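The values are calculated or read from the model by the stated rules, or taken from the named source; none is laboratory data. Note that the structure is a prediction, hence the values are computed from the model and not measured. Cβ: placed from backbone, ideal geometry, glycine included. Neighbour counts: every protein chain shown. Heads up: the accessible areas ignore ligands, DNA and RNA and are worked out on the full protein's heavy atoms, side chains in. Shrake-Rupley method; radii C 1.70, N 1.55, O 1.52, S 1.80 Å.
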Amino acid sequence: MRILVTGGAGYIGSHTCVELLLAGHDVVILDNLYNSKIESIGRIESISGKSLCFVRGDMRDAALLGDLFASQTIDAVIHFAGLKSVGESTAQPLEYYQTNITGTLVLLQAMRQAQCKTIIFSSSATVYGQNTAPFVETMPTGKATNPYGNTKIMIEQILQDLVVADPAWHVSLLRYFNPVGAHPSGIMGEDPNGIPLNLMPIISAVAKGQYEALQVYGTDYDTPDGTCVRDYLHVMDLAQGHAKALEYCARTQGCEIFNLGTGNGLSVLELVHAFEESTGIKIPLHYAPRRDGDIAVCYADASKAKRVLGWIAERTPKEMCEDTWRWLCRA
Ligand code: NAD
Ligand code: WQD
C-alpha cells in the first residue's frame, strides 16, 4: 500500500515509518516540521534502507492536500500530525483546536474527495479522563481535563460520525498510553523542538547533567509507593502496533478503538530505578507537590489489541531505558 503519514517526521511517526517501509509499503510523509527536524527523514531511510517521499507542508493547507491526493493514489492515512502538549493547550486552546481539529477536517475532506477512506488516528489515554484504571475501550470518554484531550475526544467523535454517515470508511482509533524509548540502533529517537516535559526525557536530561534533580510530582497518591503510576510502552512496540492496525483496518469497514499499552503500570520511582539500573547513573530526586491535572493511576486493559490485532507490547522497562539512553548518548 501507499500510506500517507501525517506528522511522520515526529517521534512516534518516524518509528512507525521504519516499520511500514520494512513491511514493504510506500510511504509519503506530510509534516511542517513544527516539532521535528528534517534529519528525521534521513534517519528513517537509513534504518530501513528504503527511500520515501517527504512533503514539507501544513495539513491545514487544503490546496496542498488536494494536490497531494490528486497526484498519486494514497491507499491509507496514518494521522499523527498535531500539537500534543497538555500544559500548552491550557494556555493556548485556540491554537490546539485550530491545528488539531481544523487540520483533521481538511485532511478528511481531501481523503473523501480522493475516495481514500482508510485512516488510523493517534488518540490518547487522556480521553479516559477521570475513569478508573485499567482503562477499557468501552468506557465513556465524555470530557477531558484539558483542551488537548478535548481535541482527541472531538476527533474521535468526528471519525465515528463519518463512519455512521458512510459505512465504507475504515477507521481505527488508537489510544496510546505513555510512549518512551527509541530505535535500538541509537540513531533515531524523540527529538522535539523545545524543552522536554514528559517524565522519561526529563530523567534523561537529569542523567546528562542538564538539570540538577528530577522533580517527583507527588508522593502521597494512593499507590504502592505514593507516586503516580503510568503505562509506559516502548515506541518500537507502538510502531509495530500501527503496522498491525493497518493490516486490520484495511480489511475491516467501520470504526474500531484500540488501547495500545502494556497493560502494566509503573510508578515514577519504579521508572527512575529502572533507568538507574539500566544506565548505572544515579538520578537525584526532589520530592515536589502534585502537578495539576495528574491522575494517580493510568494503565491500559490491552486485551482487545491482543485479541483482535494479535499485538502485544513486549519490550521491558530495561529496554525502554537502555534505548533512550543510547539515543541520547549518540555522537
Ligand atoms: P510529535 O510532536 O513528535 O509529532 C507530531 C508531528 O506533527 C511533528 O513532526 C510536527 O512537526 C507535526 N505537525 C504538527 N502540526 C502540524 C501541521 N499543522 N501540519 C503538518 N504537520 C504538523 O508527537 P508524537 O509524540 O510523535 O505524537 C504523535 C501523535 O500521537 C500526536 O497526535 C499526539 O497527540 C499523539 N499521542 C502522543 C503521545 C505521546 O506521549 N507522545 C501519547 C498519546 C498520543
Ligand atoms: C508521567 C508521570 C507526572 C515529569 C502525558 C499526557 C498524555 C500523553 C502522554 C499525549 C506523571 C510524573 C513528570 C516530571 C514527574 N500524551 N512526572 N516529574 O502526564 O502521564 O501523560 O503524556 O497524549 O496525554 O498527559 O506523562 O510523562 O508528563 O508524566 O514526577 O518532571 O511522571 O506527575 O505522574 P502523563 P508525563
**Asked** When residues of the stretch 311-325 are filtered for being under 17 Å from the mean Cα position of the chain (by Cα) and hydroxyl-bearing (Ser, Thr, Tyr), how many remain?
**Response** 1
**Prompt:** Would the stretch 274-287 turn up any residue that is within 16 Å of ligand 2 (Cβ to nearest atom), over 25 Å from residue 130 (Cβ atoms) and within 17 Å of the chain's Cα centre (by Cα)?
**Reply:** no
**Request:** Determine, yes or no, whether residue 237 is within 30 Å of residue 150 (Cβ to Cβ), modelled with pLDDT of 95 or more, among the acidic types (Asp, Glu) and outside the structural domain of residue 47 (by TED's automatic domain parsing).
**Result:** no
**Request:** Mind listing whichever residues of the stretch 76-102 are open to solvent by 60 Å² or more (accessible area, probe 1.4 Å) and more than 12 Å from ligand 1 (Cβ to nearest atom)?
**Result:** 90, 91, 92, 94, 97
**Asked** If we scan the stretch 174-185, do we find a residue that is within 9 Å of ligand 2 (Cβ to nearest atom), surrounded by 16 or more Cβ atoms within 10 Å (Cβ to Cβ) and in a loop (DSSP other than H, G, I, E, B)?
**Response** yes
**Item:** Single residue of 45, 19 found to be more than 16 Å from ligand 2 (Cβ to nearest atom), open to solvent by less than 40 Å² (accessible area, probe 1.4 Å) and within 19 Å of residue 242 (Cα to Cα)
**Value:** 19
**Complete:** Of the candidates 298, 249, the one satisfying the condition of being over 30 Å from residue 212 (Cα atoms) and open to solvent by less than 60 Å² (accessible area, probe 1.4 Å) is 249
**Fill in**
Of all strands (runs of 3 or more DSSP E) fully inside the stretch 49-144, the set with 2 or more residues that are over 29 Å from residue 188 (Cα atoms) is none
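Residues checked against (1) out of contact with any helix residue (DSSP H, G or I) (no Cβ under 8 Å at 6 or more places or on another chain); (2) among the aliphatic types (A, V, I, L, M); (3) outside the structural domain of residue 246 (by TED's automatic domain parsing):
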residue: 9; (1), (2), (3): no, yes, no
residue: 16; (1), (2), (3): no, no, no
residue: 67; (1), (2), (3): yes, no, no
residue: 82; (1), (2), (3): no, no, no
residue: 101; (1), (2), (3): no, yes, no
residue: 112; (1), (2), (3): yes, no, no
**Request:** Scan the stretch 205-257 for residues that are outside any loop (DSSP other than H, G, I, E, B) and among the hydroxyl-bearing types (Ser, Thr, Tyr) and jot them down.
**Result:** 217, 232, 248
